[in-house]
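Visitor: Once you've had a glance at the structure underneath, I'll fire off some questions.
The values are calculated or read from the model by the stated rules, or taken from the named source; none is laboratory data. A quick note: this is a predicted structure, and the numbers were derived from the prediction, not measured. Ideal geometry is used to build each Cβ from the backbone, glycine not excepted, and the neighbour counts take in all protein chains shown.
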């Protein structure tokens, strides 16, 4: 069964990915392998999370809470440990860089073609299709300092917007400064 799914992913990638339904199909197939066949989804936490995120209207269960806890730890540690302001463009986009790394590892381990990941233009197209699928799909937590996080928009391919709602009612918006915030060529 796993081999059949791998062949489906490979076939879809070879067509070039140009639509949101293609992205959802690829992520659902990857999700099947991670959850049903490899039981290695723990080795790909961000990839697994994005696969789940792409098929839900909102993420409000354990996985969303864990992700928001990670975001919270990073968010609260920025000033103190990194000496950078919280409105830096870097903060929420790290997960997009990690997504690319984990997807490359998954593809490599399953002998899938790497052209979607290694080619920056193809990766950028794929990533923006993923973002269009999850735009305004909130990550929700009823506890902790951060209560909600979501990608809300991208004005153009340089400015992705991610918004946090905090326990105190305030919001924090992050806007990428340029593609280097989320498109990295040195992911090996």
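Visitor: Please work out which one of (1) more than 22 Å from residue 131 (Cβ to Cβ); (2) modelled with pLDDT of 85 or more is the condition residue 15 fails and give its number.
Guide: Against the list (1) more than 22 Å from residue 131 (Cβ to Cβ); (2) modelled with pLDDT of 85 or more, residue 15 comes up short only on (1).
Visitor: Every residue in region 2-52 that is in contact with a helix residue (DSSP H, G or I) (Cβ under 9 Å, 6 or more places away or on another chain) and at positive phi, please.
Guide: At the first step, the residues of region 2-52 found to be in contact with a helix residue (DSSP H, G or I) (Cβ under 9 Å, 6 or more places away or on another chain) are 2, 5-6, 8-9, 12-20, 22-38, 40-52.
Correct list: 16 only.
Visitor: Just to check your reading of the model, which residue among 114, 96 is over 25 Å from residue 153 (Cα atoms) and at pLDDT 75 or above?
Guide: Values: 96 fails: over 25 Å from residue 153 (Cα atoms).
The conditions single out 114.
Visitor: Being in contact with a helix residue (DSSP H, G or I) (Cβ under 6 Å, 6 or more places away or on another chain) and closer than 18 Å to residue 65 by Cα, is that true of even one residue in region 154-164?
Guide: yes
Visitor: In this structure, does residue 135 turn out to be over 16 Å from residue 30 (Cα atoms) and crowded, with 19+ Cβ neighbours inside 10 Å?
Guide: Working: over 16 Å from residue 30 (Cα atoms): yes; crowded, with 19+ Cβ neighbours inside 10 Å: no.
Spelling it out, it is not the case that residue 135 is over 16 Å from residue 30 (Cα atoms) and crowded, with 19+ Cβ neighbours inside 10 Å.
Visitor: Now a separate question. When residues of region 29-44 are filtered for being in a helix (DSSP H, G or I) and surrounded by fewer than 16 Cβ atoms within 10 Å (Cβ to Cβ), how many remain? Spell out how you get there, then give the answer.
Guide: Of the residues in region 29-44, the ones in a helix (DSSP H, G or I) are 29-38, 41-43.
With the extra rule that they be surrounded by fewer than 16 Cβ atoms within 10 Å (Cβ to Cβ), the set shrinks to 35-37, 42-43.
Total satisfying the criteria: 5.
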